[in-house]
Structure formats: structure tokens, C-alpha cells
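Every number here is computed from the coordinates shown, using simple stated rules; none is lab data. None of the values given here were measured: they were computed from a predicted structure. No Cβ is skipped: glycine too gets one built from the backbone with ideal geometry, and neighbour counts run over all protein chains shown.
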Amino acid sequence: MTSLKPVIEVVNLGRISYVDGMRAQQRFIRRHLNALSQRSTAEPPVNALLLCEHDPVYTIGIRTARYPIEEEERLKRLGAEFYRADRGGLITFHGPGQLVCYPILNLAHFKKSVRWYVGELERTVIQLCSRFGINAETSPDTGVWVRDEKICAIGIHCGRYITSHGLALNCNTDLRWFSHITPCGIEGKGVTSLSRALKREVTTSEAVVPFLETFAKQFNCMLRC
């Protein structure tokens, strides 16, 4: 008898601020944690994929214990927000034209391995790029790369095997925002996008359906939109 595939709810948040994106994640995380703690809740735990675009924002992860306030103010003067997040990784940029996906999953429903989970996210994006005719790959640095240029950043948090944060795929992002930082702290490498790699405009809307299809296949799950 074969086991049923996990069901994941797809929630499209549209374009929102980074803070509102964090609040949305917390709502789904609390449902999982309440269930694990056996607290009564009117809302059952739901594995979810939260999709969105963000207003321009620079974020830093927990590996950046002290980020100079002068640098934070400099980036804010560019017209972006600045946020200190509890994800892994160093500094990166989120903004319009970037498909951001926050999987809020209980890995007990999949495989209780953070390394496996990050690898599956990378393989999902590699397969997505392949569908667009782009040869992407991993490297010793987390994320997905087209040669020496990062097309998708990955930074996650995982507590009690409940995942949050996730990935950011550059579709038709204004890549000039990245020129003001050293993305993910990696010297000597650049960033790219689906649009730049294909030399045509690729919007987040165009990328959503193939992304969901590759995610469902890679994670062997059913998506409920």
C-alpha cells in the first residue's frame, strides 16, 4: 500500500513588504508549533508555499552578527528597506521582479534532514531553469548558479523541523540593486536573472507555474492552489 503524497497549500501573497512577508510566515509556523505542542487551535497545521514579490529591501542573516550601522544607513538612502532576519546566509537583496518562495513545511512529512531540504530546493530551481533552456548548477556556495553568476539565492531557518524563509529567484529583477553590496558575501562572482540569461523579458508570473510544477515533482507532493 503506497503512502499518500503530502499536500502543500499554495498562497500567493502578491507584492508585499518584507515585514508583512515575515508576519505571514509566522502565522503558518505557529499553526505547526501549536500542533507539535498539542495546544488546541482552531486552525490545523498546514504545509504551505508562500509566493510573493517584495518591495526593495536588503536583508542580512544570522551569520552577520554585527553589520555596521553606517552601511545600513547607506543602503536605506538608496530607497530600500533594511531588515535583520533569522535565516542563514549573509546579505542579499529582494525586490520587484524576483519570485520569492517561503516554504513553511514540517520536514517530518518529507525527510527530517535540513541538508536534504536545501538540496531539494536547489534541484527544484535547476530543473526550472532547464525548462527555460538555461543550464544552471550548484556550487560549494549555497544557491543556484549560471556559471559564476547567482540566479537564485537560498537562505532558510529550521526550528523543530519546521522550515521558514526559502529562496529568491531573479526573473526580471533590476540587478543594479546588487551592485551596492557583496551578495551573500561572495567576492568575485555576480548575479543574473532569467531575463538576462535568455535575453528576453521573463516576469515572475511566467515563472510561477513551471516553478510549482518542478517543486511538486521534486518534493513528491501535491499542491493545492
Global geometry of the chain, whether rounded, prolate or oblate, following the gyration tensor of its Cα atoms and the 1.5 cut on a/c: oblate
Rg/Rh for the range 127-214, where both radii come from Cα atoms and Rh is the Kirkwood radius: 0.97
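Going from the alpha-carbon gyration tensor of the range 2-128, what semi-axes, largest first and in whole Å, does one get by taking the root of 5 times each eigenvalue?
Equivalent ellipsoid of the range 2-128: 29, 17, 15 Å, largest first.
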Mean ellipticity per residue at 222 nm, deg cm²/dmol - from DSSP H runs of n ≥ 4 across the chain, formula -39500 (n - 2.57): -9000 deg cm²/dmol
Residue order, fewest to most surrounding Cβ atoms within 10 angstrom, among Trp116, Trp177: Trp116, Trp177
Those lysines that a straight Cα-Cα span of less than 27 Å connects to Lys76, excepting residues fewer than 8 apart in one chain: Lys150, Lys189
Proximal lysines to Lys111, defined as alpha-carbon separation beneath 18 angstrom and excluding residues fewer than eight positions away on the same chain: Lys5, Lys217
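Mean Kyte-Doolittle of at least -1.0 plus a Cα span of 15 Å or more along the axis: flag which DSSP H helices in the chain meet both, please.
18-36, 114-131, 204-218
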Two-site FRET efficiency, Arg224 against Asn135, from Cβ-Cβ distance with R₀ of 45 Å, rounded to 0.05: 0.90
Length gained when the stretch Asn12-Arg30 is fully extended (0.36 nm per residue, less Cα-Cα span): 4.6 nm
Relative contact order %, the range 7-218, counting alpha carbon pairs below 8 Å whose residues are six or more apart: 20 percent
Cα→Cβ-extended label distance, 7 Å offset, between Lys112 and Lys217, nm: 3.1 nm
Computed E for Arg123/Ser37 - FRET, C-beta separation, R0 41 angstrom, nearest 0.05: 0.80
